[in-house]
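Peer 1: Below you'll find the structure I mean.
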Amino acid sequence: MREQIHVLDVPFDVVTLQQATERVKYFLNEEGQHIVCTPNPEIVMEAQKDEILMNILKAADLVVPDGIGVVWASRYSKKKLTERVAGYDLVQNIFEKIQNTEHSVYFFGGAPGVSLAAAKKMKQKYPDLKIVGGHNGYFDEKEEKQILHDIKKLSPSILLVGLGAPKQEKWIYDNIRLTNVKVAIGVGGSFDVMSGKTKRAPAIFCKLGLEWLYRLLKQPARIMRMMRLPKFVLAVLKKQIYKKIKI
Ligand code: UDP
């Protein structure tokens with residue numbers, strides 16, 4: 001049975017990284033197509049004003065908290081999220097599990113050259129991983145048709161889509177049926193990290209739940225996006241206060 005909690009109406013599955021990985025493995029052997037989303041607080045805030053995004057998150061088959069803020073916010077639910085499940089870590093765990101199986105993967109997204117560089121790095125790390133293709137995330141309508149055609153022809157089991165949110169969620173939702181993939185995952189900037197273009201925060205930052213601070217220090221241009229973090233905290237607290245008043 002699927003256990004979910006809601007953070008500002010966005011449903012999150014109550015899973016650890018390990019359990020999320022198992023869930024994806026299960027999807028691979030199940031009938032049908034599955035969508036996996038990895039929202040952080042910024043995306044939760046975006047969904048407050050983007051109904052299409054909110055509905056996609058509600059319709060997804062697995063929604064994991066890719067942000068310590070979401071884990072914090074779950075303290076107000078009966079069931080609590082116990083850990084952050086970063087999209088990057090989930091994907092690494094999946095690669096580990098599928099590398100010796102028939103399952104394959106396609107890398108879609110990132111600046112030109114990044115998905116290819118990411119694929120090369122991942123092949124070094126997981127030599128038996130079947131990466132059947134990839135394409136950058138900057139395309140026009142004509143190229144998009146070709147990308148879809150390729151994905152259909154190559155028939156990967158897993159499609160990783162790194163177009164940034166909410167573009168990737170919308171792209172997956174609109175196009176998954178035009179492919180044969182079993183699982184599509186929105187992975188944000190993961191190809192940048194896989195390729196070495198950007199670095200993951202040092203372990204100490206991750207342990208302290210400060211990966212967002214590291215990203216801000218490294219990419220100060222993210223400040224505007226990060227302004228949503230305090231808004232997220234306020235929105236969660238406000239909702240709690242309203243709930244209490246009602247009772
Ligand atoms: N991106 C893309 N196509 C676009 C816009 C963005 O492929 O039209 C890629 C971009 O190159 C980057 C990723 O999407 O690799 C978004 O990265 P970001 O760190 O903003 O994502 P987050 O993990 O924060 O959602």
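Peer 1: Restricting the first residue to the stretch 214-232 and requiring it to be within 18 Å of LYS199 (Cα to Cα), which pairs with a second residue that is in a helix (DSSP H, G or I) and of a type in the set (S, T, N, Q) meet a Cβ separation below 7 Å and a spacing of at least six or different chains?
Peer 2: Taking only residues 6 or more apart or on different chains, not a single pair turns up.
Peer 1: Find the residue count for the stretch 1-32, including only residues that are more than 30 Å from LEU237 (Cβ to Cβ) and touching a strand residue (DSSP E or B) at 6+ places or on another chain (Cβ under 7 Å).
Peer 2: So the count comes out to 4.
Peer 1: What are the pairs, 6+ residues apart or on separate chains, where a residue within the stretch 170-187 that is at positive phi has its Cβ under 9 Å from a residue that is within 16 Å of the ligand (Cβ to nearest atom) and in a loop (DSSP other than H, G, I, E, B)?
Peer 2: Cβ pairs passing all conditions: none.
Peer 1: Return the residues of the stretch 104-118 that are crowded, with 21+ Cβ neighbours inside 10 Å and in contact (Cβ under 8 Å) with a residue 60 or more places away in the chain; say none if nothing qualifies. Explain how you work it out, then say what you get.
Peer 2: Step one: list which residues in the stretch 104-118 are crowded, with 21+ Cβ neighbours inside 10 Å, which gives 105-110, 114-115, 118.
Across the stretch 104-118, the qualifying residues are TYR106, PHE107, GLY109, GLY110, VAL114, SER115, ALA118.
Peer 1: Further, regarding this structure: From the list VAL64, VAL70, VAL36, VAL44, pick out the single residue that is crowded, with 24+ Cβ neighbours inside 10 Å, closer than 18 Å to ASP174 by Cα, within 15 Å of the ligand (Cβ to nearest atom) and in contact (Cβ under 8 Å) with a residue 12 or more places away in the chain.
Peer 2: VAL36
Peer 1: Hey, could you check the stretch 174-208 for residues that are away from the ligand (no atom under 15 Å from the Cβ) and more than 28 Å from ASN29 (Cα to Cα) and say which is surrounded by the most Cβ atoms within 10 Å (Cβ to Cβ)?
Peer 2: PHE205
Peer 1: VAL44 - would you say it is closer than 22 Å to ILE131 by Cβ and not in a loop (DSSP other than H, G, I, E, B)?
Peer 2: no
Peer 1: Continuing with the same structure: Select from the stretch 61-85 the residues that are among the aliphatic types (A, V, I, L, M) and not in a helix (DSSP H, G or I) and list them in ascending order.
Peer 2: Once the filter is applied, which keeps residues that are among the aliphatic types (A, V, I, L, M) and not in a helix (DSSP H, G or I), the stretch 61-85 yields LEU62, VAL63, VAL64, LEU81, VAL85.
Peer 1: Next question. Which residues, counting only those in the stretch 123-169, are among the small types (Gly, Ala, Ser) and farther than 17 Å from VAL193 by Cα?
Peer 2: GLY133, SER155, SER157
Peer 1: So which strands (runs of 3 or more DSSP E) stay within the stretch 86-173 end to end and still have 2 or more residues that are within 11 Å of the ligand (Cβ to nearest atom)?
Peer 2: Details: elements: 104-109, 130-135, 158-162.
Result: 104-109, 158-162.
Read the figures in this text as sums done on the coordinates, not as results from a lab. Please read these numbers as outputs of a predicted model, since none were measured by experiment. Backbone-built Cβ (ideal geometry, glycine too); neighbour counts: all protein chains shown.
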